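> There's a structure below that I have some questions on.
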Amino acid sequence: MSNNMSENLAAAAVRRCPPRDETPVLAIRDLSVSFGIGGHQVQAIKDVSFDVYRGEILAVVGESGSGKSVSSLAALRLLPDTADVSGSVTTAGLSVLTASEAEMEALRGDSASMIFQEPMTAMNPVYTIGQQIGAALRAHRPVSRKEAQSRTIEMLELVGMPEPERRVNQYPHQLSGGQRQRAMIAMALICEPQLLIADEPTTALDVTVQAEILDLIKDIQKKTGMAVVFITHDMGVVADIADRVIVMQKGMVVEEAFVNELFDEPRHPYSRKLLAAVPRLTVTPQPAGNVTAGLSDEPQERRDVVLSAKDLVIEYPGRLGRRGFRAVEKVSFEIRRGEILGLVGESGSGKSTVGRCAVGLLQATEGELNVCGHDISRLSARNIRPLRKRFGIVFQDPASSLNPRASIGDSIAEPLRLHGPRSSAGDIRKKVRELLESVELPGSWYERYPHELSGGQRQRIGIARAISLEPELLVADEPTSALDVSVQAKVLEILVELQRRMGFSCLFISHDLAVVESLASNVAVMRKGSIVETGSISQVLHQPQEAYTKRLIAAAPIPDPREQRRRTLARQAAAQEDRIAS
């Protein structure tokens, strides 16, 4: 039998787990959802069926647009009025699609709750987190404000919020991303629901914070026995948290399996594609990931230094005479021609601040910063302008870094017009088309706008814009953190191919250690504004010396359920020893 025929047969028959001899907490049967857009019906999901039982965690995985969130929003009837829904959904014993609005209000937040992907937009900015969590409790339980406040503090303590008595009176913007997510979890669990739906709750979090959130959800789930639907595109997270997995593609369930079975023997071609695209952090020394094929055989230590920092200090000025915040403290490192240096660490460690300073978007407070042979640490914006053609930057969020009113062609052409040699409009347009094709997008897309592109396509536009002047240095600031694994893999493949062909040096900023390992030859680890460890990939990621580096590596999820369980137990044991010692 040919490979194509085998794949077609595998795609035709969806593998299912055998049903359990009990009533599911969530039962979805033949659910189809379409949306009316511009007079047309767009199918979001089709004939989706699955169950979730008490005491289990079901992971729903797939790329953006696969229907993961739509199917789970339907479980709480949270879809917009433009949605045309058919099939049946039974949540905590209630037939959701035929229930009254009063019955749904009684269900939401009580028997069933949801954790949203971005708590900053899901929470009300004008109320304290204590008021919002307390309101969720008082909506379903006959308690006084004082009792609600007391219970809220207990819940914040349960979810690991530091100083809960103080945090309860703070507003969402006063908390870090991990703290806001903990507050959202506390709100979702305050009424002890039977069903918890978690929609990408750790996507934008650092590996250490993500590990804490996953441990928290698993711990509470074991204590309460609630059913959990965990929506994600991160297969490492699936390996860490799931008992059973649903794989969705183009609005349909293409595979269902217990977590070990899925990772051991994925049957559907799409499942295999997802798993193959996941960057894997190895546990044994590997050859350096960075191959500078476009360069000569000259030893790296003899190549020119393209970026060097010596005792670099970056401070944000305080307001109204207050003392400023020192974000970077005496950082020193160097990147030679053709080298990719990975800069890793948690949010707030100063990674992005260093990257922005390296391309002249921030000014150094103290120390030296030498870029392409020029000390830019004290240069004004006017004096640094002639150097801008020698370095570029790819931002984390391409949607906000691209002008929504400019076509993607004009966005790419802007650096050419400002800093490139004098060229005719026709020559610039030809160059932009070549750049689009270099990032594997059609040159005919010149007139398209950012909102017409997917996240991965917009990130390719950001890369094309950054390399338009053929820079000597490229700073890539978390360029794939919010992308699906297969899209991430394609963007990284394009970035590596461009670096090999053009030979530019790269400062690659990320909190994903597996991605850094696959790209970089050297790595620097930042914590609280300082570099705590630096060296080759083999030295730092496989023989770490600093406790913080070891903690980062231990917290990084890997797409192997058995190995992930072992690592989780070892990490929890180490954390327990640290608590006892302190």
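> HN-Hα J couplings of the stretch 425-433 from phi, Karplus 6.51/-1.76/1.60, θ = phi - 60°, integer Hz, Gly and Pro as x?
Each residue's phi maps through the Karplus curve to give 4, x, 5, 5, 5, 5, 5, 5, 4 Hz.
> Using a simple spin-label model with points 7 Å from Cα along the Cα→Cβ vector, what separation in nm is obtained for residue 422 and residue 22?
7.9
> Moving on. Using only the alpha carbon atoms of the stretch 112-192, find the Kirkwood hydrodynamic radius as the inverse mean reciprocal pair distance, in angstroms to one decimal.
12.2
> Measure off, as a whole percent, the carbon and sulfur share of the 1.4 Å-probe accessible area of the chain, all protein chains present.
Solvent-exposed carbon and sulfur of the chain make up 48 percent of the total.
> How large is log10 I(q)/I(0) at q = 0.12, 0.14 Å⁻¹ when the Debye formula is applied to the Cα atoms of the stretch 47-185, each weighted equally and without solvent?
Debye intensities relative to I(0), on a log10 scale: -0.59, -0.79.
> Output the relative contact order of the stretch 469-581, whole-number percent, from Cα pairs under 8 angstrom with separation of 6+ residues.
This gives 18 percent for the stretch 469-581.
> About the Cα centre of the chain, what is the dipole size in debye to 20, counting +1 per Lys and Arg Cβ and -1 per Asp and Glu Cβ, all else neutral?
For the chain, the charge dipole is close to 1420 debye.
> Let me ask something additional. Within a Cβ distance under 12 Å of residue 191, other residues only, what is the Lys/Arg minus Asp/Glu net charge?
Result for the neighbourhood of residue 191: +2.
> Divide, for the stretch 422-544, the radius of gyration over alpha carbons by 2.2 N^0.38 Å, where N is the residue count.
1.20
> For residue 115, enumerate residues with amide H under 5 Å from its amide H, sequence gap 5+ or separate chain, H modeled in the peptide plane.
Excluding prolines and chain starts, which carry no amide H, the hits are 197, 198, 199.
> I would also like to ask the following. Can you give the Rg to Rh ratio of the stretch 302-558, both from alpha-carbon atoms, with Rh computed by the Kirkwood formula?
On the Cα set of the stretch 302-558, Rg over Rh gives 0.97.
> Apply the Karplus parameterisation 6.51 cos²θ - 1.76 cosθ + 1.60, with θ equal to phi minus 60°, to every residue of the stretch 16-29 and state each ³J(HN,Hα) to the nearest whole Hz, in sequence, with x for glycine and proline.
Calculated HN-Hα couplings, in order: 10, 7, x, x, 8, 7, 7, 7, x, 6, 10, 10, 10, 10 Hz.
> While we're here: Determine the sum of side-chain charges near residue 36: Lys and Arg each +1, Asp and Glu each -1, restricted to other residues whose C-beta is under 10 angstrom from that of residue 36.
-2
> Next question. Per DSSP helix of 4 or more residues, -39500 (n - 2.57); summed, then divided by the residues of the chain. What does that give at 222 nm, rounded to the nearest 500?
When only DSSP H runs of four or more count, the value is -11500 deg cm²/dmol.
> Compute the FRET efficiency between residue 272 and residue 381 as 1/(1 + (r/R0)^6), taking r as their Cβ-Cβ distance and R0 = 51 Å, and round to the nearest 0.05.
0.55
> Can I ask one more? I need to check one value: relative contact order of the chain, counting alpha carbon pairs closer than 8 Å and at least 6 residues apart, in percent.
16 percent.
> To continue, here is another question. To the nearest 10 square angstrom, how much accessible area does residue 375 have with a 1.4 angstrom probe?
Number for this one is 70 Å².
> In percent, how large is the relative contact order of the stretch 302-558, given Cα pairs closer than 8 Å and 6 or more residues apart?
RCO, the stretch 302-558: 26 percent.
> What figure in square angstrom, to the nearest 10, would you give for the accessible area of residue 94 with a 1.4 Å probe?
We get 30 Å² for residue 94.
> Kindly flag which residue pairs out of 389/430; 490/528; 68/218; 222/351; 68/351; 330/490 have an alpha-carbon separation exceeding 29 Å in this structure.
Those over the limit are 490/528; 222/351; 68/351; 330/490.
> Also: Using only alpha-carbon positions, what ratio does the radius of gyration of the chain give when scaled by 2.2 N^0.38 Å?
Normalised by 2.2 N^0.38 Å, the Cα Rg of the chain equals 1.02.
> Next up: What are the residues whose amide H is under 5 Å from the amide H of residue 531, where those residues sit 5 or more places off or on another chain and H is modelled from the backbone?
Those lying under 5 Å, H to H, from residue 531 are 332.
> Could you give the accessible area per residue of the chain, probe 1.4 Å, as a whole number in Å²?
Accessible area per residue, the chain: 46 Å².
> Next up: Under 5 Å between amide hydrogens, which residues at least 5 positions from residue 393 or on another chain qualify, with H placed 1.01 Å from N in the peptide plane?
Here 475 satisfy the definition.
The values are calculated or read from the model by the stated rules, or taken from the named source; none is laboratory data. Just so it is clear, the structure is predicted and the values come from calculations on it, not from any experiment. Cβ: placed from backbone, ideal geometry, glycine included. Neighbour counts: every protein chain shown. In case anyone asks, the SASA skips ligands and DNA or RNA and just uses the protein heavy atoms, side chains included. Shrake-Rupley method; radii C 1.70, N 1.55, O 1.52, S 1.80 Å.
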